[in-house]
1. If you check residue 125 against the conditions, is it under 21 Å from residue 189 (Cβ atoms) and modelled with pLDDT under 95?
2. Would you mind finding the one in 190, 194, 185, 176 that is in a helix (DSSP H, G or I) and under 15 Å from residue 228 (Cα atoms)?
3. Looking at 213, 237, 197, 232, which is the one that is loosely packed, with under 12 Cβ neighbours inside 10 Å and in contact with a helix residue (DSSP H, G or I) (Cβ under 8 Å, 6 or more places away or on another chain)?
4. Which one of these does residue 173 not meet: (1) more than 20 Å from the chain's Cα centre (by Cα); (2) touching a residue at least 24 places away in the same chain (Cβ under 8 Å)?
5. Might you check whether a residue that is surrounded by 15 or more Cβ atoms within 10 Å (Cβ to Cβ) and under 29 Å from residue 9 (Cα atoms) occurs anywhere in segment 149-158?
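The values are calculated or read from the model by the stated rules, or taken from the named source; none is laboratory data. Just so it is clear, the model here is predicted, and its values are computed rather than measured. Glycine gets a Cβ as well: all are built from the backbone with ideal geometry, and neighbour counts include every protein chain shown.
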Amino acid sequence: MIVSLLFIAGTCIGSFITSLNEKLASESNFFGLSFFTARSSCNHCHRQLFFFDLIPIVSYLYLRGKTRCCHKTIPHHYFINEIIYGLLIVFAYLEANTFIFFLISSIFYSALIAIALFDRDFLIIPKTYLLIILFLGLFNIYLTDSYNFLISATFMTVAVYLIKFIFDNLFAKNTFGMGDVLLIFNLGLFVDFFSLSLILFLSSLIGIVHGLSKKDILKTPLPFAMHLVMGSLVFFSLY
Ligand SMILES: [Zn+2]
């Protein structure tokens, strides 16, 4: 019972994040503040949506993937994102042993997946999600009394930044973004140095495999934040 309720709650979060990502993408500052004041409207004809159209999964299936107002196709990633988030919240629930850690891991995973989806589509990380994870990480350190994470996260961030600096000069281009470096710092607020190294190793492996699947490896920009998120999720599901 509780698992199905959490799944439904997760699908609502997934629906919310999908629209928030779209809003963030259309804004230059990536904060998405106007999102909270605007009402949901159709992406094609801009008519306001009914409450029923906003129910995750159900409305997509009932409307058979078409908008009610103008019968345009609703991209299937809406539907997929809702299912991913539904499963994610259930996973966070099964993994956590107290309510507060369930809340932390739900928000943490939600923001991570939001970053991955955004980076995949736009090759940039919105500041909003980085800030959410930063505050959550500091709160986690305070709760678990693991202040040493701050030192190891800082150390790793400086090391990665130096690598970025060398690579940028070597290849005369921006090899990966500052957002990626900040994301590594944020991840370091949740795990110890060894685990963070393991996450970076897993993420790089995923990145290399992804890079090799592209025709022109050096010219195609890769979503490294997405690889970082995938590496982290692999780590947390095994850990
Ligand atoms: Zn429409």
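1. yes
2. On the way: 190 fails: in a helix (DSSP H, G or I); 194 fails: under 15 Å from residue 228 (Cα atoms); 176 fails: in a helix (DSSP H, G or I).
Answer to the check: 185.
3. 237
4. Failed condition: (2).
5. Scanning segment 149-158, I find no residue that is surrounded by 15 or more Cβ atoms within 10 Å (Cβ to Cβ) and under 29 Å from residue 9 (Cα atoms), so the answer is no.
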